[in-house]
1. Suppose the chain between GLU289 and ASP329 were pulled fully straight at 0.36 nm per residue; how much longer would it get relative to their current alpha carbon spacing?
2. For the range 76-91, what does the Karplus curve 6.51 cos²θ - 1.76 cosθ + 1.60, with θ = phi - 60°, yield as ³J(HN,Hα) per residue in whole Hz, taken in order and with x for Gly and Pro?
3. Return the equivalent ellipsoid semi-axes of the range 36-150 as a descending list in whole Å, where each equals the square root of 5 times an eigenvalue of the C-alpha gyration tensor.
4. If you restrict to DSSP beta bridges whose two residues both lie in the range 115-237, what percentage is antiparallel, to the nearest 5?
5. For labels at ARG99 and SER268 in the simple 7 Å Cα→Cβ model, what's the distance in nm?
6. Treating the beta-carbon of each Lys and Arg as +1 and of each Asp and Glu as -1, no other charges, what is the dipole magnitude of the range 340-405 about its Cα centre, to the nearest 20 debye?
7. Can you compute the modelled spin-label distance between GLN182 and ALA399, with each label point 7 Å from Cα toward Cβ, in nm?
8. Figure the gain on full extension for ALA226 and ARG341 (residue separation times 0.36 nm, minus the Cα-Cα span) and round it to one decimal in nm.
Amino acid sequence: KTGIVIVGAGHGGCSLAAALRASNYAGDITLLSEEADYPYHRPPLSKAFMCSGEANDGDRLLLQHESFYRDNRIDLKLDARVAAIDVASSCLTLASGERLAYGHLALATGSRARSLSIPGSDLQGVEVLRTLVHARRLRERLENCQNVVVVGGGFIGLEVAATARKLGKEVRVLETAERILQRSVAPVTSEYITGQHRAKGIAIELNTCVEAFAGSNGRVTAVTCAGQHWPADLVIVGAGAMPNSELAEAAGIACANGILVDAQMRTSVPNVFALGDCAAHENAYAGKERIRLESIQNANDQARVVSQVLTGNESRYHSVPWFWSDQGDIKLQMAGLSIGRTECVTRGDPQQGRFSVFHYRDDTLIAVDSINQPLEHILSRKLLAQGISPAKTVIADTAADLKQLLG
Ligand code: FAD
């Protein structure tokens, strides 16, 4: 048995196949996707794709042109869901019953949208957004609705809210926490983004926990919580994501909120790797805590590590995490992780619509949120990668040149 089988053809799986060929990997590469669409970019689904007509449903979203797979001898199989893995015989079974042997296996199964188990969740018009199939359905529903309620003030929820508002819909975001994006950004950043969305006419309700969806004739008509009753002909639930790790778990591969991997992305089974949203790894920027990251950067960087390891090169995952979220006119970029933050220092004036917030754990710089400041974002990534923690007074002084701090 030689060659690699990659389960999942999202950002991680596709980038692994491409990186292997770029590193002259000589073995067979089989890339399995349970989806029917050619592998595509997910980030635009909550942004530009929603506003575009059907004509834009084609090549623009593709991760690679269809010919790429043929030209690079990557055997891409669509509609090919893996149903079981037998690690003892290095063999897997597709839902169709077909069996495939592998030399190495890479699990890039991603994550799925968390759904809510509250009354009315199964009504038509209560949607989630993870795949192109979801996005096409949402885009169609958006055409014929007026009142949109977004449950969850996280990245996807806020991006969709901004897009729906741009399309002229009445939009209300319901968030259980006291501020939006609470786990990801600084209070100043949350406050700025909330203000911008509200100024555009999006209603944002904080400390609000949805209790039920009401409907008539099987279709959603309202969202209720704490005596409030908000009309809704479309509900988008953006309540976070869950790792697709059941396949690995059933095969006896160690899992705990994701598939456990080491710094080379190896699972508890030596010839099986995991990467991307589904991989629970020890992250140097999270104080060695085991976490999963849900970002394009993480999927691509972990794919690169697997490719290096499989082509005989020394490589360990040690990237500075970074992420972006475009919400209407707001370009939010984040570097590092704010876990354990004790203090925040703002550089620039939020009133001007361009600023960064530097997160410190005591005197150590751990993360930076940048709003419409792409250069500061890039510099922040470099500062974090080099382990440089500028004095807080320097950060607060916009006349100080951050570039000079770099080694
Ligand atoms: P995925 O891209 O989810 O791919 C996993 C694939 O595996 C899926 O196609 C799945 O169907 C398939 N699969 C699962 N189980 C099986 C099986 N048993 N058999 C066969 N196939 C299987 N990140 C950013 O950094 N910036 C953004 O702006 C951003 N915006 C986003 C907007 C939206 C709407 C969404 C949904 C995500 C966004 N993300 C963004 C997150 C980013 O898309 C993910 O972190 C990234 O796709 C993870 O890559 P992955 O390969 O781990 O998983």
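Rule-based calculations on the coordinates, nothing more; no lab input. Predicted model only: the values in this text are computed from it and were never measured. Note: ideal-geometry Cβ built from the backbone for every residue, glycine included; neighbour counts use all protein chains shown.
1. 11.0 nm
2. The phi angles translate into 7, 10, 8, 6, 10, 7, 7, 9, 7, 10, 10, 5, 5, 9, 6, 9 Hz.
3. Ellipsoid semi-axes (Å, largest first): 32, 21, 10.
4. Once the DSSP bridges in the range 115-237 are tallied, antiparallel ones form about 40 percent.
5. 2.5 nm
6. Charge dipole of the range 340-405: 200 debye, to the nearest 20.
7. For the pair GLN182/ALA399, the computed spacing is 4.0 nm.
8. Here the segment from ALA226 to ARG341 would lengthen by 38.2 nm.
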